[in-house]
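Working notes, structure below.
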Amino acid sequence: QLAFPAHAEHRGAVAAARAPRTASDWRVLLSLCIGDWPLLLAALLALTLAATGDALIPQLQSEALNVLLYTEAVAMRPRLLVSLAKLASVGVLTALFTGVRGFLFWLSGARLVKRLRVALFASLLAKPQSFYDTRGTGELGSRLNADCIKLSDVLSLNVNIVLRQIMQSVVGITIVARLNRQLALIVLTGVSVRGALNYAYAAFNKRVAKAQQAALAESAAVADQSLSLVQVVRAHGTQEYEQERYESQLSRLLSLQTTQGALYGVSRVVNGALNTFLLCGVMAYGGALVVAGILPAKMMTSFVFYTEFIGSASFDVADQWRSIQEAMGAASEVFALLRAETTTSRPNATTAFAASTTPEQEVAKSSKRGQLEIDQVRFAYPSRSSEQVLDGLSVSIPAGSSVAVVGSSGGGKSTIFKLVLRFYEPTAGSIRLDGEELETIPETELRRLVAWVPQEPPLFGNVTIAENIAYGLNASMEQIVAAAREANCHKFISALPHGYQTRLGASGASLSGGQKQRVAIARALVRNPSLLLLDEATSALDTESAREIESALRRASIQRTVMFTTHKVDQARKADLILVIANGVVAEQGSHDELRARRGLYFDLLSRENAFEGVPSTQE
Ligand code: ADP
């Protein structure tokens, strides 16, 4: 048995990330982190301990220095020893907690990326088909890779440092305040001014980062397209053109990066200068206090240490906050994708599609018969809503019949299939399968009842032929072989060096068009569907391959309804029912002979193909 494992853990991540549409980015991030709370709690504990240790060290250092500077020679040695022992033990413990903290935050970040990617991937798979009409897979790949990594840095690095430095600053300022209030106030004011400036800078930087990530995604899309169509590029000799296109995208990215780099430089200058002013301010005011005899001179050592300490901690906070804002900006598209609708327009559809299919279905003992009724269906593609593709189309297809769908190219034949498959929802009208409205049939059930073989069917390259046939199904080897026999592909599969265990390479590149087509038909048949939809199944094939497929289809249509679109008269004429699609409706329907006798659209189509003369009536 070929089993497709459904990972409970993955489903957990997916559920966690299915955030409400109004949730802020931070809330979505939090909902993704919350599952890892024990780890995060341990990380926070290590962080608190390390930060406390870090904050104590300047105090201990200045204590040791004061022993050297202000203690009489006799008492110096034992007091220095005590001071150094304290400093050493706090230092070693701090180092230990720093290491533990680093590891735990790093791990949390890595785990977050995994959860985020799984969630994003699941959310992408759950998007309505119309979503993909406007988005390139290259761009989405960039979201899945580069943008998700940015977020892991937020947790493993930035948040870690910010929390640590905030803690250190708080402890530092408390210590300073206990020594002298006025001086503490000066430090606090200096730090606040710098904080405000940096906050504004971070907000601006976030915008630049978001634009940068978009540019990055666009360049990825350009590269993805050129590489996936590399044969076309080569055939047209447009390598240089493609290269220029990619380069111009990268130039846009570079100019944004330059802006960002310049801003960063300026911010470093401002921060450095403010830090120096702060230190000088403390020394000047503290010096005045010392001269006035209000402050003992030895306290100044602590002040200078802590001013430096708080200064650098608050600088780090600002710097990391900038990185956090930057990453959140970069990842905002990821959050938007996670939040966005995962389904089609009708509310009913939401529930059916959101309950994502667990690919563990058993092979069906089909109970339905495959009677299809399309009633006054109107439809326009969401990405091109001005063009009415179907305009009140109605037809009733008896169970067990074979139906040819013909009509001029672009007339909407494939669109009918896509609506029956519920890739899109009709804007009006209804479709019923064996009397049941499509939207009331659960997604998993529908996928079992209706099978589809698209034009140039894609196969998965990274799995075996057997797995390709049993895709998403818990089928036995016997069932797979039976389907392959029915689809006329058992013979050539058996002749391959590894038989059914052959891996196909990228998109099944190692098979011919006709072979791929037949494997795809086997993939459809193994589900034992009530309704089989074939889109131009034989259009690109030579006569021999086409004949193999036709005979497979004849066998397949004994037990179910088979609908196929075709341009070939020879195929259409054998169907029980021929539908001629024109102007978004079924313009004519009937058998070959009926339609031919009618001398209408079907007749025109045949004549236009110049094939009519050679095609005998079914009675001949
Ligand atoms: P046929 O199968 O009869 O050749 P289709 O059903 O593929 O025709 O297409 C019908 C019309 O819908 C065409 O004008 C086509 O350009 C348009 N169309 C098809 N797919 C999409 C899509 N994903 N987004 C927008 N328009 C589409």
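Here are some notes:
- Every residue from the stretch 452-467 that is modelled with pLDDT of 85 or more, surrounded by fewer than 23 Cβ atoms within 10 Å (Cβ to Cβ) and not in a strand (DSSP E or B): Pro454, Ala466, Glu467
- Where a residue in the stretch 218-241 is assigned to a loop (DSSP other than H, G, I, E, B) and its partner, wherever it lies, is at pLDDT below 90 and buried (at least 18 other Cβ atoms within 10 Å of the Cβ), with Cβ under 9 Å and at least six apart: Thr238/Ser226
- Failed condition for Pro442, given (1) modelled with pLDDT under 90; (2) within 16 Å of the ligand (Cβ to nearest atom): (2)
- Condition check for Ala587: out of contact with any His (no Cβ under 7 Å at 6 or more places or on another chain), touching a residue at least 40 places away in the same chain (Cβ under 8 Å) and more than 14 Å from the ligand (Cβ to nearest atom): no
- Considering Ile161, Ile166, Ile149, the condition of being within 30 Å of Ala221 (Cα to Cα), modelled with pLDDT of 80 or more and either of a type in the set (A, V, I, L, M, F, W, C) or within 16 Å of the ligand (Cβ to nearest atom) (or both) is satisfied by Ile149 alone.
- Of the residues making up the stretch 376-391, just one is more than 8 Å from the ligand (Cβ to nearest atom), exposed (fewer than 15 other Cβ atoms within 10 Å of the Cβ) and not in a loop (DSSP other than H, G, I, E, B), namely Gln376.
Residue-by-condition table, conditions (1) more than 19 Å from Leu185 (Cα to Cα); (2) not basic (Lys, Arg):
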site: Thr259; (1), (2): yes, yes
site: Leu263; (1), (2): yes, yes
site: Val270; (1), (2): yes, yes
site: Leu274; (1), (2): no, yes
site: Phe277; (1), (2): no, yes
site: Gly281; (1), (2): no, yes
site: Val290; (1), (2): no, yes
site: Lys298; (1), (2): yes, no
site: Thr301; (1), (2): no, yes
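- Filtered by the rule that a residue be under 14 Å from Ala110 (Cα atoms) and of a type in the set (S, T, N, Q), the stretch 149-171 gives Ser152, Ser156, Asn158, Asn160.
- Residue in the stretch 517-525 that is more than 16 Å from the ligand (Cβ to nearest atom) and surrounded by fewer than 20 Cβ atoms within 10 Å (Cβ to Cβ) present: no
- Checked across the stretch 409-428, the condition of being of a type in the set (D, E, K, R), more than 9 Å from the ligand (Cβ to nearest atom) and either under 18 Å from Glu588 (Cβ atoms) or touching a residue at least 60 places away in the same chain (Cβ under 8 Å) (or both) holds for at least one residue.
- In the stretch 155-182, the residues that are crowded, with 18+ Cβ neighbours inside 10 Å and of a type in the set (Ser, Thr, Tyr): Ser156, Ser169
- Of the residues screened, Leu93 is not one that is within 30 Å of Ser142 (Cβ to Cβ), surrounded by fewer than 16 Cβ atoms within 10 Å (Cβ to Cβ) and touching a residue at least 40 places away in the same chain (Cβ under 8 Å).
- Scanning the stretch 239-258 for residues that are among the hydroxyl-bearing types (Ser, Thr, Tyr) and exposed (fewer than 15 other Cβ atoms within 10 Å of the Cβ) gives Tyr241, Ser248, Ser251, Ser255, Thr258.
The values are calculated or read from the model by the stated rules, or taken from the named source; none is laboratory data. What you see is a predicted model; the values in this text were computed from it and never measured. Reconstructed Cβ throughout: ideal geometry from the backbone, glycine too, with neighbour counts over all protein chains shown.
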